[in-house]
Every structure is written in structure tokens, then in C-alpha cells.
Amino acid sequence: MSFKVRSSKFRHVYGTALKREYCYDNIRVSKSSWDSTFCAVNPKFVACIVESAGGGAFIVLPLSKTGRLPADQPVVGGHKGPVLDISWCPHNDNVIASGSEDCVVKVWQIPDGGISRTLTESVVDLIYHQRRVGLVLWHPTARNILLSAGSDNQVVIWNVGVGEPLIHIDCHPDIVFSASWNFDGSQLLTTCKDKKLRLINPRSGEIEQEVICHEGSKASRGIFLKGGLIFTTGFSKLSERQYSLRSPEKLDDPIVMVELDTSNGVMFPLYDPDTSMIYLCGKGDSVIRYFEITAEHPFVHYINTFQTPDPQRGIGMMPKRGCDVSICEISKFYRLNNSGLCQAISMTVPRKSELFQEDLYPDTIGDIPAIDAEDWFNGQDAEPILISLKDYHQPTRLPTASEMKVAKKPNILDKPSANKTVKSSSNNTTAAPPVAKPSFIQPQQSIPDDIVKEFKEEIRKLKAMIVKHENRIRALEARAAEDTTDTAKDGGDSLVLKNNDQNDVETKDNDTEHVDTNEDDD
């Protein structure tokens, strides 16, 4: 009997756990029962939610600072309740958002070298929810757009640049378990405790489709795939863990529905759009299963399982910009264990050549926003700006720090452009990334002529004042030099007079001694 082996360059992907000295140890992992990944990572930092007395906190570590952490490790600790979810901004590697049981969403600015002392001052506090906030999610293409969902069953879309809510979505009768944007951010997918999967228009809040996701009562998760398909994880009526693949046109009729096992842990689907691979990481599991999504039956192809001895408490997936292309690394994960170890795991395709593998690394999503928050809110959509990892990847380069500013008017991120080649997904032309401008200048507007003339007049007056002060300083220096010369001359004359007086006194003393001597002789 003969059979055909499926051809795929990812059939032999294998995972490698880095040595302990290249991991992070002695982390006080959060004991919260909330179903969250508890870990977030980007090409600069890894962040982990930790236990904190008297409030909520998470730690932020530079990727290079590995090893055992000290007991007094500085934390980001401005929340009054336990932190439930954290998320790095995809357009600024120094900005992170956090949601907490204190009903507040905070956005933080992390310096390049990490924090040297406990950070309690956030850039902006987003206050709207009436109950704990368990989900924060950034928009994939629009600058400063952040989504938050709380136990008050509300979903709020914020403009972080002005610190105000843009859209309020009130269509969920129960707690929102997960949310996902599609590739260009024009649609929103949510899963809810009422077992339903909802496809929502994020600008209007209207429900476009609503179906039963998984029939089990435990938490379910759903994500958008690059081509528009939807992948979900959940439980059956018999508490068996399942995954499904669905088409937006027929959400109620899954393309694939597969039972995996009978474990209790919630499965988090982590997706790589460049390779069309999905990694299933269950809470409490000691394995990571990975699959490839194709257009061939059975559509979701099982590849392999990465096994570790310790169960995982949380996990974070590195963006493709942080992967090492020199060793054909296609994905990288950071696993939090109950023992306090944050373990780095590298997923690699075995290749003998040391050259850049273009088939493994197509143009990937960069860190440059495609549109502004106002443009997105006004109905404009744009696919992510793509970059080539061949020109981008520089392991020793430290990107320039970018500051986050909150203003009364739109625009907050002033990000200097890096020397990268960007590629728009709508055409095949390459162009340099736009140069960032200060937040108080609108790049689309020109400065009026009368303001320019006023600035020039002010500059002329300042120059004249500087010249006047320079002349005065020169005159004062010359006068000071003359006074110094006169003082020295007067001092010399006084010294001559003093010496003459001293000689006269000595002469008189000698005469007196001579007279006394003569008297003794007589």
C-alpha cells in the first residue's frame, strides 16, 4: 500500500529549550486564577505578572538580563489590585498596557535599559470599567488604538493619545474571554461566557454574526487568521478540549472540529501569519502542540509536540522581528513555570545553509503604524506595513528609544524612523519609513507666513541682545584687567616703603646697643 507524504518545509520543525543561564529564574509568578497568559514579550523586553503585596505588579526585564533575579527586583507596581493582563504595543517596543482588578487600564513607558527602581507613575490611566479588567489588546495597524474588556461585560476601544474612549461596545451578556482583530483591524472577533462566538463591527459595535463556539462551559478562545479564517479552542459537553477552523461566511458550520484530550487547562492559540502555523499552549500543560494551516484536507495538519518536564503557568510569543534568522528560528516562546523559571524555547527549521532563507522569512509585520487613530475611527482601513527581515535583523543593534506623550489633541507616539526598508502589502514598491515629527506639530499642516515672520523677528531681537551682552562683557573684562594692574602697582610701592621703615628701625636698634656697651665699659 502506497501513500503520498505531504510536502511542507515545516514538517521537521523542532523546539529547543535554552540553558538555564540564558533564562530568567526566581520570578514570583502570579497566583491569580484568571485565564491569561501572564507573560508578554517583544524584541526588547520580557514582562511577567508577579505576586505583589498591597496591589498588583509585573516585572519588565531586558532580554539580555538573564539569570537569577534578586529578591528586591524592581517592578511596575502602580495598580491597587492584582494585574490580570499585559500587552506590548506593536508600534513602540517601550510601551506596555496593563489591566487590573482595580478596574483601571494603565499605559506605561519603559526606558531602554529597563527599570532601575519600582515604577509607579504611568503615562496615562484609562478609567471607564466598573469591574475588573481582564483583557487588553492593541490594534494591529492603527496607532494608539487599544481595546479593553472587563467583568462588567463591556468592551471599550480607546484612543490612548488623548486618554479617552472612542467606542463603547455593549453586546455581551456575560464575561468576554478573548478578543482578536483581523489582519487589517476592520473586524473584531470575541468569545464570551455564554458560549457564543461574535463577529463585530468595531466602529459601530453592531454584531455581524453570532454562533455557538464550543458547547462546553469552560473558557473558549478565538483568533483571526491572515486569510480571514477563524481558529477557536474550547471544550465539548464532555469537557474534552477541542479546536475548530471556521469560515466567516459559515461560522455555524466548522470546516474542522477536532477533540484533543480531556485536560482541564484552557488552551491559548498563538498564531504566526508568516508561516501559517498555530501553537496550542494549555495552562498547566507540559507540552506545546503545533499545527500548519493549509488549503489541503484536513486543513489543520499536526506537525509535532514539544515536551518539557514542568507544567507551564503562562507563555508569551516573540514577534517575528525578534527571531534569529541566522539559525532559521521561526518562532520563540517564553514559558512561565510554577517554580518561578521563565524558560526560552526556540522553534527552528533544520537547514544546513547559513544564508538568509527567503522561503522561511517572507516580508513580515513591522513596528510602523499604517494609519492614525483618527483615520481608523473615520472609517479608513489599512493592512500592516511589512518589512524584510534580511535587512532588518541586526542582533546587536539597540533601537532608538521613543517617548510616549499624552496630549489633548490626537497623536502621541513620536517614533524616530529606523534604517529599515518597508514594503506595503498593497503594492510591491519599497520606500523608506516616514520620519516622525514632534507631537505638537501636525505633519499635514503648513505654518502660516505671519507666524514665520514673527519667529524671524524674535530671532533677530535675540541676536541683537546677544551682541549687546557680548560687548558689555568685553568692556567689563577689560576694566577688570586694568583694576588688577593698578592693584599690583600699589602693592609694590607699599612694599618698598615698608622695607625702608624696617631698615630705619634696625639702624636705631644698633645705635642703642652701641651706647649701652660704652656705658658698661666705663
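Dimensions of region 281-322 from C-alpha coordinates, computed as largest minus smallest value along each principal axis and given longest first, are 35, 26, 13 Å. Round to a whole number: what % of the accessible area of region 253-366 belongs to carbon and sulfur, probe 1.4 Å? The nonpolar share, carbon plus sulfur, comes to 50 percent. Of the cross-linked pairs 193/226; 19/352; 80/218; 332/352; 9/218, which ones have a Cα-Cα span greater than 30 Å in the structure shown? Too far apart for the 30 Å limit: 9/218. Going by a ≥ b ≥ c, the root eigenvalues of the Cα gyration tensor, does region 1-76 fall in the rounded group (a/c under 1.5), the prolate group (a/b larger than b/c) or the oblate group? Note, shape of region 1-76 comes out prolate. When only Cα pairs below 8 angstrom with a gap of at least 6 residues are kept, region 1-148 shows a relative contact order of 18 percent. The Cα atoms of region 26-164 give a gyration tensor whose axes a ≥ b ≥ c have a/c of 1.5 or more with a/b no greater than b/c, which makes the shape oblate. Applying 1/(1 + (r/R0)^6) with R0 = 41 Å to the Cβ-Cβ distance of residue 16 and residue 215 gives a FRET efficiency near 0.60.
For region 59-126, the equivalent ellipsoid derived from the Cα gyration tensor has semi-axes of 20, 15, 10 Å, listed largest first.
Counting only the Cα atoms, region 92-193 fills a convex hull of 103 Å³ per residue. Which percent of the accessible area of region 63-137 is formed by carbon and sulfur heavy atoms (probe 1.4 angstrom)? Carbon and sulfur atoms account for 48 percent of the accessible area of region 63-137. Solvent exposure of region 141-236 amounts to 29 Å² per residue of accessible area, where only protein heavy atoms count and the probe is 1.4 Å.
Let a ≥ b ≥ c be the square roots of the eigenvalues of the Cα gyration tensor of region 235-296; is it rounded (a/c under 1.5), or, if not, prolate (a/b larger than b/c) or oblate? Oblate shape, in that a/c is at least 1.5 and b/c is the bigger or equal ratio. The listed peptides 211-223, 136-148, 23-35, ordered by packing as a protection proxy, come out as 136-148, 211-223, 23-35 (highest mean of other Cβ atoms within 10 Å first). Here is the P(r) of region 124-184: all C-alpha pair distances, binned every 10 Å from 0, give 23, 56, 20, 0 in whole percents. In summary, region 177-318 shows an alpha-carbon radius of gyration equal to 1.01 times the 2.2 N^0.38 Å reference for compact globular proteins. What the Cα convex hull of region 278-372 gives, in volume per residue, is 159 Å³.
The values are calculated or read from the model by the stated rules, or taken from the named source; none is laboratory data. All of these numbers come straight from a predicted model, not from anything done at the bench. Here the Cβ is made from the backbone with ideal geometry for all residues, glycine too, and neighbour counts use every protein chain on show. SASA here: full protein model, heavy atoms, side chains in, ligands and nucleic acids out. Shrake-Rupley method; radii C 1.70, N 1.55, O 1.52, S 1.80 Å.
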